[in-house]
1. Find the residue count for segment 15-42, including only residues that are open to solvent by less than 90 Å² (accessible area, probe 1.4 Å), out of contact with any helix residue (DSSP H, G or I) (no Cβ under 6 Å at 6 or more places or on another chain) and either within 24 Å of residue 99 (Cα to Cα) or not hydrophobic (A, V, I, L, M, F, W, C) (or both).
2. When you check residue 132 against the structure, is it modelled with pLDDT of 95 or more, open to solvent by 50 Å² or more (accessible area, probe 1.4 Å) and in a loop (DSSP other than H, G, I, E, B), yes or no?
3. If you check residue 80 against the conditions, is it open to solvent by 40 Å² or more (accessible area, probe 1.4 Å), modelled with pLDDT under 90 and small (Gly, Ala, Ser)?
4. For segment 53-68, give me each residue that is touching a Phe, Trp or Tyr at 6+ places or on another chain (Cβ under 9 Å) and at pLDDT below 90.
5. What about residue 100, is it in a helix (DSSP H, G or I), within 17 Å of the chain's Cα centre (by Cα) and surrounded by fewer than 17 Cβ atoms within 10 Å (Cβ to Cβ)?
6. Quick one: would you say residue 88 is β-branched (Val, Ile, Thr) and modelled with pLDDT under 85?
7. Got a sec? Which of 109, 88 is closer than 22 Å to residue 43 by Cβ and out of contact with any helix residue (DSSP H, G or I) (no Cβ under 6 Å at 6 or more places or on another chain)?
8. Restricting attention to segment 140-163, does a residue exist that is part of a loop (DSSP other than H, G, I, E, B), open to solvent by 30 Å² or more (accessible area, probe 1.4 Å) and β-branched (Val, Ile, Thr)?
Amino acid sequence: PRSTLFPYTTLFRSKDFQFLLDELERLNASDPFFAGRLDLDRIGIYGLIYGGMVAEMCRRDDRLKCVALLEAENLQVPAAGLQKPLLTMNHAGSPRLAQNQALFNKATTNAIWLQVSGADPHTFSDLAWGTQVPWGRQPALAIDACLVWFFDTYLKGEEKSFPTNQELINVNRK
């Protein structure tokens, strides 16, 4: 079952992310093409469905500045919460709402938790951009607008208005 594999998977995915961040630093320092070209002070991360462990990655690694969770589960909710910008999105009937709300509730600032009406778990993936989308493309456009706003705000320092797509419901911010 997934519950017995989760610690194993989390350990190796954490090491994968650690390797990736270390490799980006190496490339920025000494690669003939990339040296000095990567902005490593503005790295964000997002997790989709089973990617909830990225919140813990963001909490532990100072190189990660913010985290977005899209219909994510397998969250580790630290007692002190996540002290970095956080965006969590779920579809209205999601079984993952409680986990995402718990992480949002422990956040002290720069946290957003919301639901996307008209969405299902597939809307948060690339399936939402396929040719035959039975639930419509509007929920996916709302998700995209939130992600662009979030990363532009917390990685680029841009001051834009929060998206107003009608599919964004139960928006909570602190």
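The values are calculated or read from the model by the stated rules, or taken from the named source; none is laboratory data. The structure presented is a predicted model; accordingly, all values stated were derived computationally and were not measured. Here Cβ is always computed from backbone atoms with ideal geometry, including for glycine, and neighbour counts include all displayed protein chains. Keep in mind that these areas ignore ligands, DNA and RNA; they rest on the heavy atoms of the full protein, side chains included. Shrake-Rupley method; radii C 1.70, N 1.55, O 1.52, S 1.80 Å.
1. Of the residues in segment 15-42, 9 are open to solvent by less than 90 Å² (accessible area, probe 1.4 Å), out of contact with any helix residue (DSSP H, G or I) (no Cβ under 6 Å at 6 or more places or on another chain) and either within 24 Å of residue 99 (Cα to Cα) or not hydrophobic (A, V, I, L, M, F, W, C) (or both).
2. Numbers: modelled with pLDDT of 95 or more: no; open to solvent by 50 Å² or more (accessible area, probe 1.4 Å): yes; in a loop (DSSP other than H, G, I, E, B): yes.
It is false that residue 132 is modelled with pLDDT of 95 or more, open to solvent by 50 Å² or more (accessible area, probe 1.4 Å) and in a loop (DSSP other than H, G, I, E, B).
3. Numbers: open to solvent by 40 Å² or more (accessible area, probe 1.4 Å): yes; modelled with pLDDT under 90: yes; small (Gly, Ala, Ser): yes.
Answer is yes for this residue.
4. Initially, segment 53-68 is screened for residues touching a Phe, Trp or Tyr at 6+ places or on another chain (Cβ under 9 Å), giving 53-54, 57, 61, 64-68.
Answer for segment 53-68, where residues must be touching a Phe, Trp or Tyr at 6+ places or on another chain (Cβ under 9 Å) and at pLDDT below 90: 53, 54, 57.
5. Working: in a helix (DSSP H, G or I): yes; within 17 Å of the chain's Cα centre (by Cα): yes; surrounded by fewer than 17 Cβ atoms within 10 Å (Cβ to Cβ): no.
So residue 100 does not fit the description; no.
6. So residue 88 fails the test.
7. Details: 88 fails: out of contact with any helix residue (DSSP H, G or I) (no Cβ under 6 Å at 6 or more places or on another chain).
None of the others qualify; the one that does is 109.
8. No: segment 140-163 contains no residue that is part of a loop (DSSP other than H, G, I, E, B), open to solvent by 30 Å² or more (accessible area, probe 1.4 Å) and β-branched (Val, Ile, Thr).
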